[in-house]
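A quick write-up on the structure given underneath.
Taken together, the values in this text are just the output of simple stated rules run on the coordinates, not laboratory data. Remember, it's a predicted structure, so these values are computed and weren't measured experimentally. Please note: Cβ atoms are built from the backbone with ideal geometry, for glycine as well, and neighbour counts cover all protein chains shown.
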4 protein chains.
Amino acid sequence: MIKGLSRAGIGDVGDIEAFAEKAAKHGFEAIDVSGKELREWAERRGLEAAQETLRKHELRIGSIGLPVEWRADEASFREGLVELARDAKAAAAFGCTACCTYILPSTDQNAAHFMALATRRLRTCAELLGAYGISLGLEFVGPHHLRTRWANPFIWTMEETLDWIAAIDRRNVGLLFDAYHWYTTGGTKEAILSLKAEQIVHVHLNDAKPLPVSEVLDNDRLYPGEGVIDLQGFLQSLNVIGYKGVVAQEILSQQSPPDSSDTLISRSAEGFRHVYRAAGLQ
Amino acid sequence: MIKGLSRAGIGDVGDIEAFAEKAAKHGFEAIDVSGKELREWAERRGLEAAQETLRKHELRIGSIGLPVEWRADEASFREGLVELARDAKAAAAFGCTACCTYILPSTDQNAAHFMALATRRLRTCAELLGAYGISLGLEFVGPHHLRTRWANPFIWTMEETLDWIAAIDRRNVGLLFDAYHWYTTGGTKEAILSLKAEQIVHVHLNDAKPLPVSEVLDNDRLYPGEGVIDLQGFLQSLNVIGYKGVVAQEILSQQSPPDSSDTLISRSAEGFRHVYRAAGLQ
Amino acid sequence: MIKGLSRAGIGDVGDIEAFAEKAAKHGFEAIDVSGKELREWAERRGLEAAQETLRKHELRIGSIGLPVEWRADEASFREGLVELARDAKAAAAFGCTACCTYILPSTDQNAAHFMALATRRLRTCAELLGAYGISLGLEFVGPHHLRTRWANPFIWTMEETLDWIAAIDRRNVGLLFDAYHWYTTGGTKEAILSLKAEQIVHVHLNDAKPLPVSEVLDNDRLYPGEGVIDLQGFLQSLNVIGYKGVVAQEILSQQSPPDSSDTLISRSAEGFRHVYRAAGLQ
Amino acid sequence: MIKGLSRAGIGDVGDIEAFAEKAAKHGFEAIDVSGKELREWAERRGLEAAQETLRKHELRIGSIGLPVEWRADEASFREGLVELARDAKAAAAFGCTACCTYILPSTDQNAAHFMALATRRLRTCAELLGAYGISLGLEFVGPHHLRTRWANPFIWTMEETLDWIAAIDRRNVGLLFDAYHWYTTGGTKEAILSLKAEQIVHVHLNDAKPLPVSEVLDNDRLYPGEGVIDLQGFLQSLNVIGYKGVVAQEILSQQSPPDSSDTLISRSAEGFRHVYRAAGLQ
């Protein structure tokens, strides 16, 4: 499984070139960025020079974010599709095969109606991404406080998300599997072992404070190996089912950590080494 | 628009042959039955003789009911698909092109999750029906008391149902448009005029007691023309958009009416004549 | 049915504003343009001013062309999707609901394999268009000489095209029905009467020389009413099934006609009046 | 990879119970049968007793055949769907997750039109199978003589079949990968290594005579290890991509071999052992 880094949890790492350089320096093999960054980078440096920079660092693009607002009104949704086409084209030029979005576990809209709207909208996104060889990863979001943050419960478990993926009905839709959400939804190793590798588009790695699970906050995450999540079991199970994609750190927190990016990435790298070793990987 | 009759509101009319005969006698042009009745009829009499009986009465089959339990567990759903294939084949042999089901406006399941499951299941039903040239009609259900009958609100308006149909994403899915549900959801003529005829698979005709709309009960319906629904506007609007399909009476009531089927069908026929005339039809 | 004009057969009519003005002057109610023209127009004049120009002329946009190369390699196809998203967004802003492409009746590729590729590609186009409320019209192409122009026969009849539309499997795909192709494939009024209005996305009007049908050339068309096609029957049949969309002139010829655009549009307008009158329309 | 046996190439092995017993006796772990056999078996013995027989023999059902005639007219196609629903239900009860059909490499129909029809029909089959957790495997057929057996070339390569699968557009459609067709289409190990395991629904194992590839006949196959196909490379490559499903022998020949079933199955078992060992498996 490929070690990846997102911008969440590493301070202000600078532009995509600085991000790539620092990630590579500390042994990461992938970075998660936005399609817009990729586009602008290719425009600024030329596509081939940008591609060459990644090659030089032995880095790949782990995933881009979905630039489409699929949770609000129809006009916003349509607006984003032009952006999505441009991002997908750019991402494909960089060999990126994953685009991800997250599912808030509650909504102020009628939950059933919103599910119908979102099913159609995400299908369109998946169809467009599929034309560029890119899969759409849906991230279920587990922290309990978000389940009542808005008026009506939506969905937050792996099983519900798989059922939704079946409703969306495109071949290139799967899970963004986040260790934090696995943990906060009471996920088990058995649940991971019930999956096929191809059902997983992308993986997030992070850790949780030693609090009752129901009190764990979404933006209060720890670095891998510094908390209580069974990341050894998480990674081992992903390995057993044959997942070979990117495992990217994503540490959401209320405040930016005070340390330098270099220090934070170094700490992340150490965390990855620790949990990978514990899982018998590498 | 073709005048049709379902079994709801005409007492015990007997088997399908008796039903056909009485419907025809009173000027109806279509009957709604179950696929199972059609199958058993064809087995009992022979397909050609049964077809000939309909031809003799100048009757068509307006719609069959969906024999699949799509609201419960997966095993029940699968169980029904064999039945659906058999019903669809039989219905197609009789020239029937509509199969309908209704949407309860609340559910004890998580509403969003149930919407995802039901989307996939109804897609499979629609796909199978489509192979036989049959459309699937979804009936939104308006009476207010049913919106809180189960724990979580589902959907009940025309607009939500159209959004759901887009999520189901088969060409042969449309509305079963029921006057009672149009009325109890505050439906307008403008709403009907915003539709295209091909979005409507089937129509139900019935009337409502002069109560506040929010107190109207689902199984307390009146015969067409005997209540307060603007059936003239309803039918006119359907005619304007070019709907040419079946308009079938469906009178749900708590108790079977005491009169004979003949009396009740005669009363229905008079109701149809009245409201069709008021709408300037025929 | 709305009288429309494409640029084919009216000489060099100038930019979109000149085109709009001349079309309106001669009584046309719609013009067919490219999405790119619409985008550039909106950028140049401002969207609202451009919309206002159309409103002033009581004109609508009949259809745009599909800007995607779906017949060649995968890279070309992908390239066009960004353009399509931009065109669709622009077209929707102008209230346009149709985007059309044509089907060459033979191909140098393996016909079955090409059909598989094209099915997937046009599905993606339709999905993207659908998000903007736009339908995709597929034009079957009838002239016999084109059936052997490339190595392998593809499809060219209305029936085959409807079967293809079912394979593409999006709700918003239908026919671009061209009188010339109807004529050169031996089309009948019965064939039109077998359609539902919603199966037709757009209509082309033009006429054919008095040659044996098998010798009629694709780019040798006449103005409506000046040839041998039964345009009266064509229009009457479309009217009977309830088609209410745009009927746009498209006169392909080997050489630009020598007359001025004004003269040619006037001649077209006269042709339309003639055949509409013969069909009992207006 | 699970060793499986079909009825092709083992003489008259008797009913499903005899087949199961003999297959198990010689170390096979799966048998391929028809859904009808499974249904009739369950009816005859009772579902639980039949299931218990398989359990006792440590056998699974590798795949069933698709009972739908998707290559002929629409009436035949529809006829088969009822059978398919019944077969799928029965197969699911036995834990079978694969249903297969083959693609003839030429056709007397217009190839493009037939591709459109077949795309829709196989989509319906896949949808129905998917409701029962069953995947549809499509077998490309390589022998050169069949490419001109009917008037028009259809498709016969792995790549074309994958493109068709994308056109069919259901999540549960993949390849039936047959060693004979891999060989006769010039298949390489690289081609297999380009696949993901989930793209393969089922595998056939058999061998070819030492003739020029273009002269190899479809119904002239040898037992695994007795011919010239690089079955070692075939199996190794499938193993590398993580395929863990059934590899079933299918030996089509012009005449039934004269030996007893027991002798033939023993010979098959020896062939499997030989090529599995050569491939470093087990």
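How crowded by other chains is B:151-163, given as the mean number of beta carbons from other chains within 10 Å of each beta carbon?
Details: counts 0, 5, 5, 4, 6, 3, 2, 0, 1, 5, 2, 1, 8.
Mean inter-chain Cβ contacts per residue within 10 Å come to 3.
A simple packing score, the average count of other Cβ atoms within 10 Å per residue, orders the peptides A:133-146, D:63-76, D:206-219, A:168-181 as A:168-181, A:133-146, D:63-76, D:206-219, with the highest score first. Cβ-Cβ distance of residue D:72 and residue D:189, R₀ of 41 Å, FRET efficiency by 1/(1 + (r/R0)^6): the value works out to about 0.65. Counting only residues at least eight positions apart within a chain, or on another chain, the aspartates and glutamates with an alpha carbon under 14 Å from that of residue C:196 are B:198, C:159. How many nanometers, to one decimal and shortest first, lie between the label point of residue B:149 and those of its other copies, if labels sit 7 Å from Cα toward Cβ? Sorted ascending, the copy-to-copy spacings read 3.5, 5.7, 6.0 nm. Considering only beta bridges that DSSP places wholly inside the range B:78-226, some 20 percent are antiparallel. For the pair the range C:126-172 and the range A:173-220, the centres of their Cα atoms are 45 angstrom apart.
Please compute, for peptide B:121-127, the average count of beta-carbon atoms on other protein chains lying within 10 Å of each residue's beta-carbon. Mind dumping the intermediate values first?
Working: counts 3, 1, 6, 5, 2, 1, 11.
Counting Cβ atoms of other protein chains within 10 Å of each residue's Cβ and averaging gives 4.
When the Cα positions of B:157, B:167, B:118 are compared along the charge dipole of the range B:2-278, B:167 comes out farthest toward the positive end, with charges on each C-beta of Lys, Arg, Asp and Glu. Summing charges over neighbours of residue B:242, with a neighbour being any other residue whose Cβ is under 13 Å away from its Cβ, gives +2 when K and R count +1 and D and E count -1.
Highest first, please rank the peptides D:50-59, D:108-117 by the mean number of other Cβ atoms sitting within 10 Å of their residues. Working shown, then result.
Details: D:50-59: 15.9, D:108-117: 22.5.
Listed from highest to lowest mean packing, they are D:108-117, D:50-59.
In this assembly of identical copies, the label point of residue B:193 (Cα plus 7 Å along Cα-to-Cβ) is separated from its counterparts by 3.2, 6.4, 6.8 nm, sorted shortest first.
Rg over Rh for chain D works out to 0.94, using Cα positions for both radii and the Kirkwood form for Rh. Each Lys and Arg adds +1 at its Cβ and each Asp and Glu adds -1 at its Cβ; summed about the Cα centre, the range A:2-278 shows a dipole of about 540 debye. Applying 1/(1 + (r/R0)^6) with R0 = 35 Å to the Cβ-Cβ distance of residue C:108 and residue C:213 gives a FRET efficiency near 0.85. Within the range A:11-26, which residues have the backbone N less than 16 Å from the label spot 7 Å out from residue A:270 along Cα→beta-carbon, could you tell me? Inside the label zone: A:26. When the Cα positions of B:102, B:232, B:132 are compared along the charge dipole of the range B:2-278, B:132 comes out farthest toward the positive end, with charges on each C-beta of Lys, Arg, Asp and Glu.
Run the dipole for the range A:76-143 about the Cα centre, Lys and Arg Cβ at +1, Asp and Glu Cβ at -1, nothing else charged, and hand back the magnitude in debye, nearest 20. Show your work: numbers first, answer last.
Values: 6 positive and 6 negative charges, 40 e Å.
I would put it at about 200 debye.
Span-like helix criteria (full DSSP H runs; alpha carbon extent of at least 24 Å along the helix axis; mean Kyte-Doolittle hydropathy of at least -1.0) are satisfied in chain B by B:74-93, B:111-130, B:261-278. Extension gain, residue D:40-residue D:159: 0.36 nm per intervening residue step, less the Cα-Cα distance, totals 39.1 nm. Residues whose amide H comes within less than 5 Å of that of residue D:60, counting only those at least five positions distant or on another chain, are D:30, D:31 (H built at 1.01 Å from N in the peptide plane). As a proxy for reagent exposure, ranking D:2, A:251 by other Cβ atoms within 10 Å from fewest up yields D:2, A:251. Summary for residue D:274: label point 7 Å along Cα→Cβ; distances to the equivalent points in the other copies, ascending, 5.7, 8.1, 8.8 nm. Stokes-Einstein diffusion for the range A:95-177, with the hydrodynamic radius set to the Kirkwood value over Cα pairs and evaluated at 20 °C in a medium of 1.002 mPa s, equals 165 µm²/s.
Across peptide D:197-210, the average count of Cβ atoms from other chains found within 10 Å of a residue's Cβ is 1.
Write down the percent of antiparallel bridges among all DSSP beta bridges whose residues are both part of the protein assembly as shown, to the nearest 5.
Just about 10 percent of them are antiparallel.
Legend: Rg and Dmax of the range B:212-282, from Cα coordinates, 13.3, 38 Å.
Checking the a/c ratio against 1.5 first, then a/b against b/c, what shape does the Cα gyration tensor give for the range D:145-249?
Working: a/c = 1.99, a/b = 1.12, b/c = 1.78.
Since a/c reaches 1.5 but b/c is at least a/b, the shape of the range D:145-249 is classed as oblate.
Would you compute, from DSSP H runs of 4+ residues alone, the mean residue ellipticity of chain C at 222 nm, taking -39500 (n - 2.57) per run and dividing by the full residue count, rounded to the nearest 500? If you can, show how the numbers build up before the last one.
Values: 10 runs with 121 residues, N = 282.
Mean residue ellipticity, 222 nm, calculated: -13500 deg cm²/dmol.
Label separation (residue D:12 vs residue B:145): 6.9 nm, computed from points 7 Å beyond Cα along the C-beta direction.
Placing unit charges on the Cβ atoms only, positive for Lys and Arg and negative for Asp and Glu, gives the protein assembly as shown a dipole magnitude near 0 debye about its Cα centre.
Around residue D:78, under 10 Å between beta carbons, what's the net of Lys plus Arg minus Asp minus Glu among the other residues? Kindly include the intermediate steps, with their values, before the conclusion.
Values: positive: B:89, D:121; negative: D:69, D:73, D:74, D:79.
That sum, taken over residues with Cβ under 10 Å, equals -2.
Note on the protein assembly as shown: Cα-Cα pairs beyond 38 Å make up 57% of the total pair count.
Look at where the Cα atoms of the range B:63-96 and of the range A:1-73 average out, and the two centres are 50 Å apart.
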